[in-house]
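Single-structure report; data block below.
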Amino acid sequence: MATIVPYFVACFLIGSLPFGEIVARLKTGKSLLLPGSRDTRPPGEVFEILGIPTGIIVCLLDCLKGFLAVYPVTVKMIGAEAYAQWWVVGIGSILTVIGHCNSPFLGFRGGRGLAPTFGVMVTLLYVPALISLLLGLSLAFWGLSSKPGALSAAGAMPLLSIAWVFMVKPSDINYLYIVAFMSTWTLWEHRSELKNYLGIKSADKSVGEAPPEEPLMPAPGTDTEKKS
């Protein structure tokens, strides 16, 4: 336990590293954080600020955070026996994604966790993760937006993982708990887009809608009606 707690802290801090924000500030002086929100800007705006090559590098760095927490950091701090207790790696993986979405370096704001989630999943269950990635990229390209790709990948990952575990690698069955959490987290972070796709309208008023005007009160000492 004395080693596990520092490992959990390390996973959270690794996930919290704001690579995208650091690069954006150094390169352009702009922030990737969406004004008035705890999330980063939409992917299209992020790539517009960073540029496509730099944006791809930042995405790979965010994926690397999930990979580092699951494999080399686990072995270095706990040892290979940690994989016999799946919950240790599972909690470390989850804390990495939570740190990415709630970075203390950004005032507990951050991204939506898709990149570090992929880094975790491709380390634990690489075949379902890669198939989900290809599905997500295909739908994102077809729809010219990352939103349908992200939601489809998050939905496909549990189904593909179940098939992979039961048909190919039953020894990894406990990792399905991690997959379930990661997929649920991704869907929750993209809940507004999911509502739009399902045709669920928000009860909130539109941003541009002005509140009803109150009747003007006459100034003191003035008559509002014409005297006959």
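The values are calculated or read from the model by the stated rules, or taken from the named source; none is laboratory data. Since the model is a prediction, treat every value here as computed from it, not as a measurement. Every residue, glycine among them, receives a Cβ derived from its backbone with ideal geometry; neighbour counts consider all protein chains shown.
Hey, any hits in region 13-25 for a residue that's assigned to a helix (DSSP H, G or I) and under 28 Å from S171 (Cβ atoms)?
Yes: one or more hits.
In region 6-16, the condition of being crowded, with 18+ Cβ neighbours inside 10 Å and more than 20 Å from the chain's Cα centre (by Cα) is met by at least one residue. Scanning region 88-140 for residues that are of a type in the set (A, V, I, L, M, F, W, C) and without any contact (Cβ under 8 Å) to a residue 24 or more places away in the chain yields L130, L133, L134, L135, L137, L139, A140. For region 17-43, a residue qualifies if it is crowded, with 18+ Cβ neighbours inside 10 Å and β-branched (V, I, T), and the qualifying residues are V23, T40. A count restricted to region 44-92 and to residues that are surrounded by fewer than 17 Cβ atoms within 10 Å (Cβ to Cβ), small (G, A, S), more than 30 Å from T28 (Cβ to Cβ) and under 22 Å from the mean Cα position of the chain (by Cα) stands at 0.
For residues that are part of a helix (DSSP H, G or I) and in contact with a Phe, Trp or Tyr (Cβ under 7 Å, 6 or more places away or on another chain), scanning just region 75-95, find the one that is nearest to L137 (Cα to Cα). My answer is I94. Restricted to region 146-226, the set of helices (runs of 4 or more DSSP H) holding at least 2 residues that are in contact with a Ser or Thr (Cβ under 7 Å, 6 or more places away or on another chain) and modelled with pLDDT of 65 or more comprises 146-167, 175-189.
Is it the case, given these coordinates, that I56 is under 18 Å from F12 (Cα atoms) and of a type in the set (V, I, T)? Answer is no for this residue. All told, S31 meets the bar of being small (G, A, S), farther than 24 Å from T184 by Cα and assigned to a loop (DSSP other than H, G, I, E, B).
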